[in-house]
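Enquirer: I have a structure here, written as structure tokens, and I will follow up with some questions on it.
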Amino acid sequence: MNTTVYLLLRWAIAASMIGHGLVRLPKLNGFSGWMVQSFEKSMLPQALVLPFSYVLPIAEFIIGILLLIGLGTRIALIGGGILMAFLVLGSTLIESWDFITGQLVHAAFFAVLLQFISSNTFAVDNLLKK
């Protein structure tokens, strides 16, 4: 993969992750309340949903920042993929089928970027190797 194409794809998914986290962090309690309420009738206990609802925006933001600068890129991509798998599972448990498409698109971005990580030349990771 062309290194410029890789950079643009990495920045696109980074922007999405930063944006998701950034808009939720100032209203973290409200977001958490919405998420807990959304899962009230699911098989997931509130004891799992509540902490996840607080961790999710922080994880999204951190993964996004790491991908933006290219620091810990491999771990950030794997973490993002795992996060998307959890979100897809959660969406299926509450039958929010509309959310799944976007989550799968994100998962595909993470997988493609991970597959072609050798094209990750414009990254802090590479500066640290020197």
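The values are calculated or read from the model by the stated rules, or taken from the named source; none is laboratory data. What you see is a predicted model; the values in this text were computed from it and never measured. Positions of Cβ are backbone-derived with ideal geometry, glycine not excepted, and every protein chain shown enters the neighbour counts.
Enquirer: Taking the criterion of being part of a loop (DSSP other than H, G, I, E, B), of a type in the set (Phe, Trp, Tyr) and surrounded by 15 or more Cβ atoms within 10 Å (Cβ to Cβ), would at least one residue in segment 34-43 satisfy it?
Expert: yes
Enquirer: For segment 68-130, give me every one of the helices (runs of 4 or more DSSP H) that falls completely inside it and has 1 or more residues that are hydrophobic (A, V, I, L, M, F, W, C) and modelled with pLDDT under 95.
Expert: Here the list reads 124-129.
Enquirer: Here is a list: LEU77, LEU48, LEU67, LEU56. Which entry is out of contact with any helix residue (DSSP H, G or I) (no Cβ under 7 Å at 6 or more places or on another chain) and crowded, with 18+ Cβ neighbours inside 10 Å?
Expert: After ruling out the rest, the residue left standing is LEU56.
Enquirer: On the given criteria, is GLU60 at pLDDT 95 or above, of a type outside the set (Phe, Trp, Tyr) and outside any helix (DSSP H, G or I)?
Expert: Taking the combined requirement at face value, the residue does not satisfy it.
Enquirer: Go over the candidates LEU71, LEU22 one by one and state the one that is over 14 Å from the mean Cα position of the chain (by Cα) and among the aliphatic types (A, V, I, L, M).
Expert: Answer to the check: LEU71.
Enquirer: Being within 15 Å of the chain's Cα centre (by Cα) and loosely packed, with under 13 Cβ neighbours inside 10 Å is the filter; apply it to segment 86-103 and report the residue that is farthest from ALA12 (Cα to Cα).
Expert: Taking the candidates together, the pick is LEU89.
Enquirer: Scan segment 44-53 for residues that are in a loop (DSSP other than H, G, I, E, B) and under 22 Å from the mean Cα position of the chain (by Cα) and jot them down.
Expert: Correct list: LEU44 only.
Enquirer: For ALA108, which of the numbered conditions (1) buried (at least 18 other Cβ atoms within 10 Å of the Cβ); (2) without any contact (Cβ under 8 Å) to a residue 12 or more places away in the chain fails to hold?
Expert: Unmet condition: (1).
Enquirer: Consider segment 104-130. How many of its residues are of a type in the set (Ser, Thr, Tyr) and under 14 Å from ILE69 (Cβ atoms)?
Expert: 1
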